[in-house]
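The values are calculated or read from the model by the stated rules, or taken from the named source; none is laboratory data. Keep in mind the model is a prediction, meaning the values are calculated, not measured. Note that we place each Cβ from the backbone using ideal geometry, even for glycine, and neighbour counts take in every protein chain shown.
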Amino acid sequence: MRKFIEKNKNLLIGIVFIVYLLALGYHLFLSDSLGKREISDIYRYNFTLFKEITRYIENINVIGARLVILNLAGNVFAFVPFGLLVGYFLRKNKFTFIKTALLGLAFTVLIEGIQLVTKVGICDIDDVVLNTAGVVIGAVAAKFIFRTKK
């Protein structure tokens, strides 16, 4: 079994990455628990940096700590695996960390753009910041976990 895993490590990690992306896509666009199946009649967006983050923190007593943590920390930690897995696949390239962070930024901008166009969820610049922070955390972890021997 160990030889099989070692021989097929890239394939197995690739499958994990695909499953992660499918789960993330479901969570972002189709999850009933977060009201994602409801398509709005209007465009919902926020392009003011830190507006929603500040609103959540200022209203923590009204909306509750659970929702604040779910939104803010959830947006960060949902993208840590992206940084970790992309960092794994790019580990032998020059500027792995920067490339991973830029891919994560592009991916999260793409997601927010899809949310804006499809009117599912809310296109939010703060989500771009939080998601990219998660990618960066994952990329840092990948740098230490998947060190290449020189």
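Just one of the numbered conditions (1) in contact with a Phe, Trp or Tyr (Cβ under 7 Å, 6 or more places away or on another chain); (2) farther than 19 Å from Leu84 by Cα is not true of Thr118: (1). Among the residues of the range 108-127, write down those that are part of a helix (DSSP H, G or I) and crowded, with 19+ Cβ neighbours inside 10 Å. If the condition is that a residue be part of a helix (DSSP H, G or I) and crowded, with 19+ Cβ neighbours inside 10 Å, then Thr108, Ile111, Glu112, Gln115, Asp126, Asp127 are the ones that fit. Consider the range 116-150 and keep the residues that are touching a strand residue (DSSP E or B) at 6+ places or on another chain (Cβ under 7 Å) and closer than 18 Å to Val76 by Cα. The one that is modelled with the lowest pLDDT is Ile122. Contact map, the range 94-108: first residue without any contact (Cβ under 8 Å) to a residue 24 or more places away in the chain, second residue surrounded by fewer than 21 Cβ atoms within 10 Å (Cβ to Cβ), Cβ cut-off under 7 Å, separation 6 or more or different chains; pairs are Lys99/Leu90; Lys99/Asn93. In the range 79-99, the qualifying residues are those that are β-branched (Val, Ile, Thr) and touching a Leu at 6+ places or on another chain (Cβ under 9 Å), and the one that is surrounded by the most Cβ atoms within 10 Å (Cβ to Cβ) is Val86. Please enumerate the residues belonging to the range 87-102 that are part of a helix (DSSP H, G or I) and of a type in the set (D, E, K, R). Lys99, the sole residue that qualifies.
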